[in-house]
Amino acid sequence: MSDEGKDSPNVLRQVSDVQLQYAQHHRVAYPEETLKAIALIAKSLPYVSGDAYETALDLLDESGAEVKTRRLIENNDVLLVGLRDLAEVVTRKTGRTLDDFIQ
């Protein structure tokens with residue numbers, strides 16, 4: 001992927017394209033609402049990891065890792081990464097709340 005494509009408005013598509021790899025690695029599931037929130041936050045905070053795409057990957061990875069260590073749901077031991085989980089990662093990384101990005 002070129003650097004130009006990484007900051008494009010297609011961050012949601014890009015996140016959706018790679019989320020399965022992160023889901024398998026962490027044994028989690030990312031609901032669509034969480035993917036949308038990750039894309040929105042990544043476009044608002046590209047400086048966290050360098051650009052919107054890298055920020056989105058960072059949020060996918062960290063939220064998946066955090067949930068993996070915290071809670072299980074009854075759906076075949078697959079962990080669900082919810083908005084609350086994403087909010088904790090965003091607050092820790094930025095000092096801002098999820099509501100600052102999603103209104």
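Data for the structure
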quantity	calculated
Contacts under 7 angstrom Cβ, first residue in the stretch 74-103 being over 20 Å from Ala29 (Cβ atoms) and of a type in the set (Lys, Arg), partner surrounded by 13 or more Cβ atoms within 10 Å (Cβ to Cβ) and at pLDDT below 85, 6 or more apart	Lys93/Val48
Meets criteria (assigned to a helix (DSSP H, G or I) and either without any contact (Cβ under 8 Å) to a residue 60 or more places away in the chain or crowded, with 19+ Cβ neighbours inside 10 Å (or both)) for Leu40	no
Among (1) of a type in the set (Val, Ile, Thr); (2) modelled with pLDDT under 85; (3) more than 22 Å from Arg13 (Cβ to Cβ) - the single one Ile102 does not satisfy	(3)
Test set (1) modelled with pLDDT under 90; (2) touching a Phe, Trp or Tyr at 6+ places or on another chain (Cβ under 7 Å) - Ser2 fails condition number	(2)
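The values are calculated or read from the model by the stated rules, or taken from the named source; none is laboratory data. Because the structure is a prediction, the values reported are computed rather than measured. In this analysis, Cβ positions are derived from the backbone assuming ideal geometry, glycine residues included, and neighbour counts consider all displayed protein chains.
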